[in-house]
Amino acid sequence: MSEKQNKVTQLFEIKYPIIQGGMIWHSGWRLASAVSNSGGLGLIGAGSMYPDILRENIRKCKAATGKPFGVNVPMLYPNLEEIIQIVLEEGVKIIFTSAGNPKIYTESLKKEGLKVAHVVSSTKFSMKCEEAGVDAIVAEGFEAGGHNGRDETTTFCLIPNVKQHISKPLIAAGGIALGSQMKAAMILGADGVQIGSRFAATEEASSHENFKNKVISLNEGDTYLTLKELAPVRLVKNKFFYELEKLYEQGRNADALRETLGRARAKRGMFEGDLEEGELEIGQVSALIHEILPVEKVFENLLKEYHQATSYDL
């Protein structure tokens, strides 16, 4: 990849337009700082952290890298205002928001000098982000792991459509783990990419080794988008997943689904390593991930694959 600056590298003052997704139970200070030190933008995932743990991770990340990094904040959490306050108090300059209305905090955050990006899964909401004044938009296809859009729009369809309707820097997410996929996303109109699953299977990710080993063993069809009645999420098909499927067969009872989910299942699966009773969130692209690697090697591979990816004349 050319080191010529584009909209994303200019905005975040980074070397490569590669953003690491702020995934819950994966994205602590070790992963974020390693990505930033490799020339991308590392994100601390606030969604799985108590406020004091978030503050500790921000401080450790600042000590581990002198490069830009940010915090990913899902806006559906009850202690949202406390999390935002910690981000401001600790001097973080970049915030990625998701799962909520970008209008709520964008203006106030920008007044504090932060650069704000918001994650969406549709062209309609990308336009609302632009109206809200965000600095960048992450458009995520339904291939992505974790919480997702209800429309099941793929990245290949989503990115060129969003590109036609916005002028802000566009970051593609969902189904990107190889440099060739990164190039494809940028040919379609993205200014950069956000990568989650590939960074989940790295040495620096804070998730359990059992989970990482599970990720690199997955094949096509081993993940599925479910829980549309609550908040759509892509999960590995395991015992917990099939328990949810039984609830669907019994009439898709939203209350029963909430009760089943309310047992710290995501932590149990991804952080504690219970591969049967835990919730295992990962993207479809996991079928292309075969090794647990250090972040530095992931970047080396991404850049090599990006340069090797060619287009053919018809």
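For the structure I just gave you, tell me whether residue 105 is closer than 23 Å to residue 8 by Cα and either in contact (Cβ under 8 Å) with a residue 40 or more places away in the chain or over 16 Å from the mean Cα position of the chain (by Cα) (or both).
So residue 105 fits the description; yes.
Cβ-Cβ distance below 7 Å, separation of 6 or more or different chains: which pairs start in segment 129-157 with a residue that is over 17 Å from residue 196 (Cβ atoms) and end on one that is acidic (Asp, Glu) and open to solvent by 30 Å² or more (accessible area, probe 1.4 Å)?
Note: pairs meeting the criteria are 133/107.
Might you check whether a residue that is of a type outside the set (D, E, K, R), at pLDDT 95 or above and open to solvent by 20 Å² or more (accessible area, probe 1.4 Å) occurs anywhere in segment 250-260?
No: zero hits.
Taking the residues in segment 261-276 that are outside any helix (DSSP H, G or I) and modelled with pLDDT of 95 or more as candidates, determine which candidate is surrounded by the most Cβ atoms within 10 Å (Cβ to Cβ).
The residue in question is 274.
I want to confirm something. Restricting to segment 85-113 and keeping residues that are open to solvent by 10 Å² or more (accessible area, probe 1.4 Å) and touching a Ser or Thr at 6+ places or on another chain (Cβ under 9 Å), which single residue is modelled with the lowest pLDDT?
Here the residue is 104.
Please return the ranges of helices (runs of 4 or more DSSP H) entirely within segment 1-105 where 2 or more residues are hydrophobic (A, V, I, L, M, F, W, C), within 25 Å of residue 208 (Cβ to Cβ) and touching a strand residue (DSSP E or B) at 6+ places or on another chain (Cβ under 8 Å).
Once the helices (runs of 4 or more DSSP H) in segment 1-105 are filtered for at least 2 residues that are hydrophobic (A, V, I, L, M, F, W, C), within 25 Å of residue 208 (Cβ to Cβ) and touching a strand residue (DSSP E or B) at 6+ places or on another chain (Cβ under 8 Å), what remains is 29-37, 51-64.
I need the full set of residues from segment 149-168 which are within 20 Å of residue 96 (Cβ to Cβ) and either over 17 Å from the mean Cα position of the chain (by Cα) or surrounded by fewer than 18 Cβ atoms within 10 Å (Cβ to Cβ) (or both), in order please.
Within segment 149-168, 162, 163, 166, 167, 168 qualify.
I need the full set of residues from segment 108-123 which are more than 20 Å from the chain's Cα centre (by Cα), more than 20 Å from residue 77 (Cα to Cα) and assigned to a helix (DSSP H, G or I), in order please.
110, 111
Name the helices (runs of 4 or more DSSP H) wholly inside segment 182-250 in which the number of residues that are out of contact with any His (no Cβ under 7 Å at 6 or more places or on another chain) and farther than 25 Å from residue 153 by Cα is 1 or more.
Where helices (runs of 4 or more DSSP H) fall fully within segment 182-250 and carry at least 1 residues being out of contact with any His (no Cβ under 7 Å at 6 or more places or on another chain) and farther than 25 Å from residue 153 by Cα, they are 209-215, 239-249.
Are any of the residues in segment 200-214 open to solvent by 20 Å² or more (accessible area, probe 1.4 Å), modelled with pLDDT of 95 or more and under 22 Å from residue 143 (Cβ atoms)?
Yes: segment 200-214 contains one or more residues that are open to solvent by 20 Å² or more (accessible area, probe 1.4 Å), modelled with pLDDT of 95 or more and under 22 Å from residue 143 (Cβ atoms).
What number of residues within segment 277-314 satisfy the criterion of being among the acidic types (Asp, Glu), farther than 30 Å from residue 235 by Cβ and either modelled with pLDDT of 95 or more or within 17 Å of the chain's Cα centre (by Cα) (or both)?
1
Quick one: how many residues across segment 53-81 are modelled with pLDDT of 95 or more, surrounded by fewer than 22 Cβ atoms within 10 Å (Cβ to Cβ) and not β-branched (Val, Ile, Thr)?
So the count comes out to 10.
If I filter segment 215-228 down to residues being among the polar types (S, T, N, Q) and touching a residue at least 12 places away in the same chain (Cβ under 8 Å), which single residue comes out as surrounded by the most Cβ atoms within 10 Å (Cβ to Cβ)?
Per the stated criteria, the residue is 223.
Output the residues belonging to segment 13-27 that are open to solvent by 10 Å² or more (accessible area, probe 1.4 Å) and touching a Ser or Thr at 6+ places or on another chain (Cβ under 6 Å).
24, 25
The values are calculated or read from the model by the stated rules, or taken from the named source; none is laboratory data. Predicted, not measured: the structure shown is a model, and the values here were computed from it. Cβ coordinates were reconstructed from backbone atoms using ideal geometry, including for glycine residues, and neighbour counts include every protein chain displayed. Only protein heavy atoms, including side chains, enter the accessible area calculation; ligands, DNA and RNA are left aside. Shrake-Rupley method; radii C 1.70, N 1.55, O 1.52, S 1.80 Å.
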